[in-house]
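Visitor: Submitted below is the structure of interest, expressed as structure tokens.
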Amino acid sequence: MLKPAVQIYSLLPRLSLPVLALGVQVFFVLLILAAPASAQPGSPAQAWQDYDRALQLIRAGQNQEALPLLERALMILPDNVHLKADYLVCLVWTGAYDAAIAYYRRHRAELQPVRYVPSNIAKAFYEKRDFAQAKSLYSLARTYDPADAEAFKGFIYSCCRLRDFLSAYQAWEEGRKRRLIPAETVNYMEVFLLARLGASSQAQHVAVAQGVKDPELLASVTGDQAVERLQWEEVDLAIQILARQLAQNPENYRARSDYLVALRQKDRMAEVLEQYALLERAGQPTPYWATEAVADAYLYLKRPEQAVTFYELTLEKNPSEPFKPRMGLYSCYVELGQWDRAAEMLARLAEQLAQTQRLVKDKKAPVLLHKRYIDDKQSLVNNQGWFLAYQDKLRQAQEHFEAALQEAGLNTAFRSGLAQVYLWRQWPRRALEEFQVVKTIDPLDKGALVGQAWTLNTLNMKNQARALARQLYARYPTNLHIQNLMDTFRVEDSLFFSPEIYFTKEFQGATEYYAVGSLEVPYSPTFKLYTQIVRQYISSEFDRGESLEFSWDRLNWGYDWIIHPELAWRQAITFDYTRGRDLGSFTQLRWWPTDPLTIIAEFDSFSLNVPIRARAEGMRAKTGLLALRYVASDLLEGSLSFGVNWFSDDNLNPSATLRINRQVINHPEVKLWLGTEINYLRYTDQDVSYFSPLYSYAVLFTPTVHWIHHQRYDTKWRSSFYPRGGIVKEHKESVYPVAGITYEQLFNLSKTFGLTWNVSYDLRVYTGEYTHVLGTYFTFRKYF
């Protein structure tokens, strides 16, 4: 645009009343000449001198120096409209856009009719990104002077910013036909418009044909060729174009910024940060689309704290399009576990969408605005559902996605979200059905295919899950979710080692140490060999004055075999490895016929898993178990088991246990389960030295509290409390209250390493006598 002084004086000859304009100029000159040589400070004459001096400075391009003179003149001549107009223009050209806009609004009625005001104050509104007001003012300026090239350009720029390309084209066509605008400007704007409309190749052709030489515009057109490829999802071609441009000119910072975006779309996030570092070292300002790509890269690379900084920077650079940066901030807050801030951001997004909805109701609203509104609405609805799921509010998330699908049944994002919620609610078969529907709608939906692979793995379809994962990895090797999927499967199929140590001390009674080391060697995803070395020592001191000690050293060799997705078989041979005797066999069959129901049957011919008082007397047993576990959902589960111990002294010990657990508090960090356990057991022989009542039953209240201190990606730190209390009734004994508590901590440090430890206290009853029991446990899990 022209400088204010040049504009002011270049516009004066175009007035519709040239004689009047000449008269005004003569009047100003006469007033100045008639003023005394030494005008008094604060006098009108001094004000006119200040005004004249300010105009001279403006002509010299010294707008900042002219401002104090204009302000001083306005104090004496507050009603001079042209003085006000020149002051306003000077504010604009010194970059004081907020002050200019505020001044214009206070004096709109006086200033708007001044012919050179609308075009200049429009620039202030444009720079402050109020493109609608800028468009209106540039339109008014064009009615004052159809030959105003700056107003012509400003109007088209504003229309393009508003995505009103039809109005922009009509203005350009009018300027071309009327030939009031210089041909050079018309040609320039034709190239610009073609580029903005996505026809960058044609824009380049027109630029060559019309002789447009502007290097900045030509560089922009060349860059737009790559951007168009990005818009058409031809990302590889865009990367080739941009790489070629950067090879020709490494200082092409527009191309490097677009290169960031292209790399981000290919999930090459480490390279995004490398390219941004080059921009930073060059000291070049980074456009908002590049800072948004950098924010995405930090979030993708599990660095949400840095991502927050760049999303906020993007909002500062481009406040007119806040939806995507705000959605990015929401994702960061979710990763950081800042649930209140995430909820607040979703509320702001919903408010923003409501404002957009009012705009799209206008029939004249651009089609692209309608499309963006629909896309943003679907994105918000989808993320609202996932926000519930991330907080483990899975029932509400299920209802949310089901309601969304009632309105948009073919929306794959909604259906994938519902499928994932089904999986987390312990309904993998239902989840697989939904993922298969998504695959039918869009076979290339990689998010749904990743979810399908997780579901297949959960359903013990291990080979199918890994085959799908390999296909996805071959197609999208840089996708973080697919990398995570592959890493998890590699861990599952790797060597596994875990030691476990137990200690139990009864006051007065038995003392036991138990240690077992387990090693798993996978042969295939569905078949694993394992071995266990067991060391068990127990001693006892009872009122009868005896002290007994027993120890066992066992070696277990066996395998885990998923015969069918619904049927798994665990088999082992056990023996005493120090003496080469006491051969035993362990068999377990696990049948999973439906999502909620699992049936387990097992038999151990040499079991040391018998009641501690019997074990303290050296008892071992043949053990049988039949268990039914029913998981109604993530909020409710129960089990019923029947067991029997055939002791080595021919005593028979049948038992039955019923457990029911329901979640009543479900916060992302704190969860409370209320549970009940009813246990009944019998012994056929009471004439033995260990605890062996005719019958005994217990009713216990068993709540569970989980407190998650930290959870991010593959790391987790959780404390758990397992209090218990109730009553016990034995044959020929009264009803006794009993209680206990276990405190446990779990640490997952990575996918391949975690540890757990706990301590416990119980108040037990044996034949009417209370016993205090302390216990502790430690294990770690390591995948190689």
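The values are calculated or read from the model by the stated rules, or taken from the named source; none is laboratory data. Computed from a predicted model, the values in this text were never measured in an experiment. With ideal geometry, Cβ positions are generated from the backbone for all residues, glycine too; neighbour counts draw on all protein chains shown. Heavy atoms of the whole protein, side chains included, go into the accessibility calculation; ligands, DNA and RNA do not. Shrake-Rupley method; radii C 1.70, N 1.55, O 1.52, S 1.80 Å.
Visitor: I'd like the full set of residues that are under 34 Å from the mean Cα position of the chain (by Cα) and not in a strand (DSSP E or B), limited to the stretch 662-683.
Guide: Answer for the stretch 662-683, where residues must be under 34 Å from the mean Cα position of the chain (by Cα) and not in a strand (DSSP E or B): His667, Pro668, Glu669.
Visitor: Considering only the stretch 368-379, I want to know if a residue exists there that is at positive phi and either within 15 Å of the chain's Cα centre (by Cα) or small (Gly, Ala, Ser) (or both).
Guide: No, the stretch 368-379 has no match at all.
Visitor: Also: Could you tell me which of the residues Val521, Val516 is part of a strand (DSSP E or B), open to solvent by less than 30 Å² (accessible area, probe 1.4 Å) and either closer than 23 Å to Ser605 by Cα or not acidic (Asp, Glu) (or both)? Lay out the reasoning, then the answer.
Guide: On the way: Val521 fails: open to solvent by less than 30 Å² (accessible area, probe 1.4 Å).
The unique qualifying residue is Val516.
Visitor: State which residue is most open to solvent (accessible area, probe 1.4 Å) when the search covers only the stretch 583-595 and only residues that are more than 10 Å from Ser605 (Cβ to Cβ) and assigned to a strand (DSSP E or B). Show your work before the answer.
Guide: Our first condition is that a residue be more than 10 Å from Ser605 (Cβ to Cβ); within the stretch 583-595, this holds for 588-595.
Filter again for assigned to a strand (DSSP E or B), leaving 588-591.
Details: Gln588: 32, Leu589: 77, Arg590: 101, Trp591: 121 Å².
Result: Trp591.
Visitor: Taking the stated definitions as given, is Pro215 under 29 Å from Gln275 (Cα atoms) and either touching a residue at least 12 places away in the same chain (Cβ under 8 Å) or surrounded by fewer than 15 Cβ atoms within 10 Å (Cβ to Cβ) (or both)?
Guide: yes
Visitor: Please pick out the residue among Ala307, Ala354 that is among the small types (Gly, Ala, Ser) and under 15 Å from the mean Cα position of the chain (by Cα). Steps first, answer last, please.
Guide: Numbers: Ala354 fails: under 15 Å from the mean Cα position of the chain (by Cα).
Residue meeting the stated conditions: Ala307.
Visitor: Still on this model: I'd like to know if the stretch 411-428 contains one or more residues that are closer than 18 Å to Leu635 by Cβ and of a type in the set (Val, Ile, Thr).
Guide: If we filter the stretch 411-428 for residues that are closer than 18 Å to Leu635 by Cβ, which is where we start, we get 418, 420-428.
Add one more test, that the residue is of a type in the set (Val, Ile, Thr), and what stays is 421.
The answer is yes, given that some residue of the stretch 411-428 is closer than 18 Å to Leu635 by Cβ and of a type in the set (Val, Ile, Thr).
Visitor: Considering each of Tyr761, Tyr777 in turn, give the residue that is under 30 Å from Arg490 (Cβ atoms), in a strand (DSSP E or B) and open to solvent by 30 Å² or more (accessible area, probe 1.4 Å).
Guide: Within the list Tyr761, Tyr777, the selection yields Tyr777.
Visitor: Here's something else I'd like to know. Which of the residues belonging to the stretch 161-182 are open to solvent by 70 Å² or more (accessible area, probe 1.4 Å), closer than 21 Å to Val221 by Cα and hydrophobic (A, V, I, L, M, F, W, C)?
Guide: Leu166
Visitor: Can you give me the ranges of the helices (runs of 4 or more DSSP H) entirely in the stretch 1-106 with at least 2 residues that are hydrophobic (A, V, I, L, M, F, W, C), more than 27 Å from Arg129 (Cβ to Cβ) and modelled with pLDDT of 50 or more? Steps first, answer last, please.
Guide: Working: elements: 4-11, 18-34, 44-59, 63-76, 81-93, 97-106.
The helices (runs of 4 or more DSSP H) meeting that bar are 44-59, 63-76, 81-93.
Visitor: OK, next. Considering only the stretch 363-457, give the helices (runs of 4 or more DSSP H) lying wholly within it that have at least 3 residues that are within 25 Å of Cys332 (Cβ to Cβ).
Guide: Values: elements: 367-390, 394-407, 412-424, 428-441.
Because the criterion is at least 3 residues that are within 25 Å of Cys332 (Cβ to Cβ), the helices (runs of 4 or more DSSP H) in the stretch 363-457 that meet it are 367-390, 394-407, 412-424.
Visitor: Here's another thing I want to ask about it. If I filter the stretch 266-275 down to residues being part of a helix (DSSP H, G or I) and of a type outside the set (S, T, N, Q), which single residue comes out as nearest to the chain's Cα centre (by Cα)?
Guide: Met269
Visitor: Identify the residue in the stretch 543-559 that is aromatic (Phe, Trp, Tyr) and at pLDDT below 95 and, among all such residues, is farthest from Pro499 (Cα to Cα).
Guide: Just the residues of the stretch 543-559 that are aromatic (Phe, Trp, Tyr), to begin with: 550, 552, 557, 559.
Checking the rest, the ones that are also at pLDDT below 95 come to 550, 552.
Details: Phe550: 22, Trp552: 17 Å.
Of everything passing the filter in the stretch 543-559, Phe550 is farthest from Pro499 (Cα to Cα).
Visitor: For the stretch 540-572, which residues satisfy the criterion of being among the hydroxyl-bearing types (Ser, Thr, Tyr) and surrounded by 15 or more Cβ atoms within 10 Å (Cβ to Cβ)?
Guide: First, pick out the residues of the stretch 540-572 that are among the hydroxyl-bearing types (Ser, Thr, Tyr): 540, 547, 551, 559.
Answer for the stretch 540-572, where residues must be among the hydroxyl-bearing types (Ser, Thr, Tyr) and surrounded by 15 or more Cβ atoms within 10 Å (Cβ to Cβ): Ser540, Tyr559.
Visitor: Among the residues of the stretch 113-130, which ones are surrounded by 20 or more Cβ atoms within 10 Å (Cβ to Cβ) and assigned to a helix (DSSP H, G or I)?
Guide: Scanning the stretch 113-130 gives Val117, Pro118, Ser119, Asn120, Ile121, Ala122, Lys123, Ala124, Phe125, Tyr126.
Visitor: Quick one: is Leu263 open to solvent by less than 60 Å² (accessible area, probe 1.4 Å), farther than 19 Å from Glu316 by Cα and not in a loop (DSSP other than H, G, I, E, B)?
Guide: Numbers: open to solvent by less than 60 Å² (accessible area, probe 1.4 Å): yes; farther than 19 Å from Glu316 by Cα: yes; not in a loop (DSSP other than H, G, I, E, B): yes.
So Leu263 fits the description; yes.
Visitor: Can I ask one more? Considering only the stretch 705-741, how many residues are in contact with a Ser or Thr (Cβ under 7 Å, 6 or more places away or on another chain), in contact (Cβ under 8 Å) with a residue 40 or more places away in the chain and open to solvent by less than 40 Å² (accessible area, probe 1.4 Å)?
Guide: Residues flagged as in contact with a Ser or Thr (Cβ under 7 Å, 6 or more places away or on another chain), in contact (Cβ under 8 Å) with a residue 40 or more places away in the chain and open to solvent by less than 40 Å² (accessible area, probe 1.4 Å) within the stretch 705-741 amount to 0.
Visitor: Here's a follow-up. Check Glu216, Glu251, Glu233 and return the single one that is over 28 Å from Leu480 (Cβ atoms), of a type in the set (Asp, Glu) and outside any helix (DSSP H, G or I).
Guide: Values: Glu216 fails: outside any helix (DSSP H, G or I); Glu233 fails: over 28 Å from Leu480 (Cβ atoms).
Within the list Glu216, Glu251, Glu233, the selection yields Glu251.
Visitor: Only one of Asp52, Asp86 is over 27 Å from Cys160 (Cβ atoms) and either crowded, with 21+ Cβ neighbours inside 10 Å or in contact with a strand residue (DSSP E or B) (Cβ under 6 Å, 6 or more places away or on another chain) (or both); which?
Guide: Numbers: Asp52 fails: either crowded, with 21+ Cβ neighbours inside 10 Å or in contact with a strand residue (DSSP E or B) (Cβ under 6 Å, 6 or more places away or on another chain) (or both).
Only one candidate passes the filter, namely Asp86.
Visitor: If we keep just the residues of the stretch 436-474 that are among the hydroxyl-bearing types (Ser, Thr, Tyr) and closer than 19 Å to Arg490 by Cβ, which is surrounded by the fewest Cβ atoms within 10 Å (Cβ to Cβ)? Please lay out each step first, then the result.
Guide: We begin by selecting, within the stretch 436-474, every residue among the hydroxyl-bearing types (Ser, Thr, Tyr); these are 440, 455, 458, 473.
If we keep only those that are closer than 19 Å to Arg490 by Cβ as well, we get 455, 458, 473.
On the way: Thr455: 25, Thr458: 17, Tyr473: 15.
It comes out as Tyr473.
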